[in-house]
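Trainee: Once you've had a glance at the structure underneath, I'll fire off some questions.
Each reported figure results from applying straightforward, stated rules to the coordinates on display, with no laboratory input. A quick note: this is a predicted structure, and the numbers were derived from the prediction, not measured. Positions of Cβ are backbone-derived with ideal geometry, glycine not excepted, and every protein chain shown enters the neighbour counts.
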């Protein structure tokens, strides 16, 4: 079994974290490809021990566009599995609740997504064993981020139109599962049909503060799950499960968070009591 690990690292201050996660793969037959819009000597030094291919890429399509760029510039037929992970913007967003009902703060979101896939040597071996025991399953992701495409989604009509216009098979459908956050481990065989329909050149320049600047990355977040059809949960985190309940309770009484529009807001018992404009 050979694995391709595809990392997009836009936020370079997170390089040490991902290098430490890569250490968990030292006993696994895998290659590393890193996409970045800022290929620096410091970045290369941090990952040098893994002998990765580092591809400089335009900042288009958030983390999804660079993933397409990596696949388009790699002979993926050599690999049985592909792991997609990426640096994630860490801001004070308060105790955010995701569609699966979990509350978390800051780095928890990134860490849960990444570490359910490669958080320890034991986790990656268990994930490989899970795939071996379930040959009909094509994708695995964090149990806290496996969500359904919902009929009430604001941009659902746009996503369904993209699917229809591209004549994708299978198509995107309501209630299909996907991994919120777009980090997963998947069988390589599901990607070639998609790569004949969608290309890196289709993605627009990224704007993390405007989710509507390019709908394609958010469509793909959902469509990757449709390609996998069924999604297995990766490693759980019992400490987080306990803390999440506390996060949810605390959020009711005191909630300090930053918005994409550049406001720091404090709410007590759900009522805004203070805010100020900040730099983002």
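Trainee: Over the alpha carbons of the chain, what is the largest minus smallest coordinate on each principal axis, giving the biggest first in Å?
Mentor: 57, 43, 38
Trainee: For residue 72 and residue 258, what is the calculated FRET efficiency with R₀ set at 45 Å and r taken between the beta-carbons, to the nearest 0.05?
Mentor: Efficiency, from the Cβ-Cβ distance: 0.80.
Trainee: Rank 204, 239, 84 by mean-square fluctuation in a GNM of the chain with C-alpha springs under 10 angstrom and give only the top-ranked residue.
Mentor: 239
Trainee: Within the stretch 3-238, what percent of beta bridges assigned by DSSP are antiparallel, to the nearest 5? Let's see the in-between values first.
Mentor: Working: 12 of 31 bridges.
So the antiparallel bridges amount to about 40 percent of the total.
Trainee: Can I ask one more? Have a look at 178, 144, 218 and tell me which one the Gaussian network model of the chain (Cα, springs below 10 Å) gives the largest fluctuation.
Mentor: 218
Trainee: Output the peptides 111-119, 59-67 sorted from most to least packed, where packing is the average of other Cβ atoms within 10 Å over each peptide's residues.
Mentor: Top to bottom by mean Cβ count within 10 Å: 59-67, 111-119.
Trainee: Between residue 12 and residue 130, what is the label-to-label distance in nm when each label sits 7 Å out along the Cα-to-Cβ direction?
Mentor: Roughly 3.5 nm, to one decimal.
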